[in-house]
1. Which cross-chain or sequence-distant (5 or more) residues have an amide H under 5 Å from the amide H of His159, H modelled 1.01 Å from N in plane?
2. Could you compute how much accessible surface Thr275 exposes when probed at 1.4 Å, giving the result in Å² to the nearest 10?
3. With a 1.4 Å probe and every protein chain kept in, tell me what percent of the accessible surface of the chain is carbon plus sulfur.
4. Quick one: compute the contact order of region 135-290, relative version, from alpha carbon pairs under 8 angstrom and 6+ residues apart, as a percent.
5. Please figure out what share of the DSSP beta bridges in the chain is antiparallel and state it in percent, rounded to the nearest 5.
6. Would you mind checking which residues have amide H under 5 Å from Val66's amide H? H placed 1.01 Å from N; only 5 or more apart, or other chain.
7. How much accessible area per residue does the chain have, counting only protein heavy atoms and a probe of 1.4 Å, in square angstrom?
8. Taking the Cα centre as origin and putting +1 on Lys and Arg beta-carbons and -1 on Asp and Glu beta-carbons, what dipole magnitude results for region 28-113, to the nearest 20 debye?
Amino acid sequence: MILLDGKIASAAVRQQLTTEVAGLKAAGKRTPHLAAILVGNNGASETYVASKVKHCEEIGFASTLVRLPETTTEADLLAKISELNQAPEIDGILVQLPLPKHINEQLVIQAIDPSKDVDGFHPASAGKLVQGLPTFIPATPYGIMLMLEHFNITTKGKHAVVIGRSNIVGRPMSILLSSNSQYGNATVTVCHSHTPNLKEICLQGDILVAALGRPEFVKADMVKTGAIVIDVGITRVEDATAKKGFRIKGDVAFDEVAAVAGALTPVPGGVGLMTIAGLLKNTLQAYYQRNAG
Ligand code: NAP
């Protein structure tokens with residue numbers, strides 16, 4: 001079994017970006033700049049945003065973290081986004097999800113200038129993805145594609161099964177794997193909570209992407225021998241013996257699936273790190289596009 005180690009694959013992406021940013025700075029160019037907005041005090045969101053900001057700094061990007069209280073109104077958040085949309089030094093804007101219940105997420109996503117939409121969640125970005133046009137690919141599916149590329153995994157002609165159809169993971173992942181591209185050209189089955197015979201379908205997958213958010217849902221008896229298994233899930237599971245009081249679990253029962261799979265991503269240390277790599281690449285792409293315009 002090959003461990004698809006996100007630490008190794010993401011470090012390679014970051015190394016390449018670090019060199020590129022150093023080159024821009026040496027040439028006297030402006031520094032690429034990502035702005036992240038965090039509303040409220042969700043523990044997991046705080047961790048994700050802190051990690052994104054840290055990685056920006058490590059590769060030489062400028063970053064701005066806008067922290068807003070849980071009580072922030074939708075109007076105030078939209079005003080902040082408008083300000084960042086207009087700020088010439090800001091290349092990419094991300095709003096960490098989920099947002100507090102009183103804020104309409106779709107409205108917020110659609111308020112981000114598509115030219116700065118480095119999370120790739122804006123309908124304009126999603127529409128371009130569907131049509132195979134250049135765009136910002138949502139960071140998690142993009143990171144998975146970078147992982148497939150790093151480990152040179154053949155997808156052409158394979159049957160890929162994706163569990164989950166969300167706009168941020170499952171749906172774009174299924175589009176990318178079925179696209180006419182080097183790490184696409186797979187035949188894709190998308191599964192969701194209304195899929196009957198899920199186990200039988202999963203067993204047909206040469207590639208299995210688990211993005212449903214149910215800890216250790218995918219067991220060994222659902223996985224074809226030798227399959228490439230990508231575990232997207234991140235769930236905090238309470239555990240009094242853990243220092244933080246919880247453990248991070250993926251959607252795949254790692255130990256038993258490792259005995260069957262041909263390759264498998266760990267959680268943590270897999271797709272999560274690749275997601276940040278995808279975000280950083282999108283930010284640099286936004287920078288180049290804005291500088292070219
Ligand atoms: P989501 O919006 O809740 O979507 C979950 C999808 O899984 C839905 O399409 C749902 O079907 C399907 N599903 C749920 N239970 C199922 C079941 N028993 N059988 C078959 N399908 C089922 O979640 P998400 O935002 O896509 O995230 C999925 C997981 O990935 C979460 O654990 C999340 O934390 C994690 N995640 C990780 C990263 C990363 O960087 N590694 C990034 C984003 C998300 P319906 O559509 O029918 O409801």
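The values are calculated or read from the model by the stated rules, or taken from the named source; none is laboratory data. The structure displayed is predicted, hence computed values, not measured ones. Cβ coordinates were reconstructed from backbone atoms using ideal geometry, including for glycine residues, and neighbour counts include every protein chain displayed. Heads up: the accessible areas ignore ligands, DNA and RNA and are worked out on the full protein's heavy atoms, side chains in. Shrake-Rupley method; radii C 1.70, N 1.55, O 1.52, S 1.80 Å.
1. Correct list: Thr187, Asp206, Ile207.
2. The accessible area of Thr275 comes to roughly 30 Å².
3. Values: 7300 of 13420 Å².
Carbon-and-sulfur percentage of accessible area, whole number: 54.
4. 24 percent
5. Approximately 10 percent, going by the DSSP bridge assignments.
6. Amide H neighbours of Val66, under 5 Å, 5+ apart: Ala36, Ile37, Leu38.
7. 46 Å²
8. In total the dipole reaches around 160 debye.
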